[in-house]
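Some notes on the structure that comes next.
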Amino acid sequence: MAEIKVFEKWDTEGIKVDDVGLVDYINTEPKIVPKTGARYAGNRFHKSKLFIVERLINKVMVPGHKAKKHFRSSGRITGKANTAFQTVKKAFEIIEKTTKENPVKVFVKALENAAPREEIITIEYGGARYPKAIECAPQRRIDITLRLMTQGAYQKSFDSKKSIEQTLADEIIGAYNLANTSAAIAKKLELERQADASR
């Protein structure tokens, strides 16, 4: 039986998730066509069983809400799955060229590095509001990271000569190298700093 490869190029065998909390939430089993078409959207926790690259493609297609800055991403979000598919594929090719490593492995490691462990909630006590640090659930850690990565990439490509493929690749490489240039890493450090202060 022929081996299934990501985008018919990259092998996922041997890619290991080191963060014990995220092992069940990062699925590295490749699919011939990474598009389930939201067939399982209503099923709780089912998105964590989806191939992780498919989740990135979905997030590139619908990057989520960021204040009133939709205009920074709306130009490229046409609702076409193929556009998002090609964007991620080209970004992976740039990652391979830059790091000389398997881009799927780089992406999985970047996700682990950028996933926040804590976040802040606001509790009201006697009419006053206080920030409180709480632990972040594993599935939410992945959701937040994917959102921050795609929003950061769209933000950097807005009004710039850089293409979305290049900025997405830069974002993933930055998170892989734990660099502050990555929006996801910067936000993670900020969240954990705030959580530390409000204990």
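Checking the condition surrounded by fewer than 24 Cβ atoms within 10 Å (Cβ to Cβ) and either modelled with pLDDT of 90 or more or assigned to a helix (DSSP H, G or I) (or both), which residue from K187, K132 passes?
Matching residue, one of K187, K132: K187.
Give, as residue ranges, the helices (runs of 4 or more DSSP H) completely inside the stretch 1-104 that count at least 1 residues that are at pLDDT 85 or above.
Fully inside the stretch 1-104 and qualifying: 52-61, 81-99.
Within the stretch 114-165, which residues are in contact with a strand residue (DSSP E or B) (Cβ under 7 Å, 6 or more places away or on another chain), farther than 15 Å from E192 by Cα and small (G, A, S)?
Those that are in contact with a strand residue (DSSP E or B) (Cβ under 7 Å, 6 or more places away or on another chain), farther than 15 Å from E192 by Cα and small (G, A, S): none in the stretch 114-165.
Which one is surrounded by the fewest Cβ atoms within 10 Å (Cβ to Cβ) among residues in the stretch 13-51 that are of a type outside the set (S, T, N, Q) and touching a Ser or Thr at 6+ places or on another chain (Cβ under 6 Å)?
I15
Starting from residues that are in contact (Cβ under 8 Å) with a residue 12 or more places away in the chain and among the β-branched types (V, I, T), keep the ones in the stretch 165-184 and report whichever is surrounded by the most Cβ atoms within 10 Å (Cβ to Cβ).
In this case the residue turns out to be I172.
Hey, does the stretch 152-164 have a residue that's over 14 Å from F107 (Cα atoms), without any contact (Cβ under 8 Å) to a residue 40 or more places away in the chain, surrounded by fewer than 17 Cβ atoms within 10 Å (Cβ to Cβ) and under 15 Å from the mean Cα position of the chain (by Cα)?
No, the stretch 152-164 contains no residue that is over 14 Å from F107 (Cα atoms), without any contact (Cβ under 8 Å) to a residue 40 or more places away in the chain, surrounded by fewer than 17 Cβ atoms within 10 Å (Cβ to Cβ) and under 15 Å from the mean Cα position of the chain (by Cα).
The values are calculated or read from the model by the stated rules, or taken from the named source; none is laboratory data. This structure is a prediction, so every number in the text was calculated from the model and none was measured. When we count neighbours, we look across all protein chains shown, and the Cβ atoms used for this are built from the backbone with ideal geometry, even at glycine.
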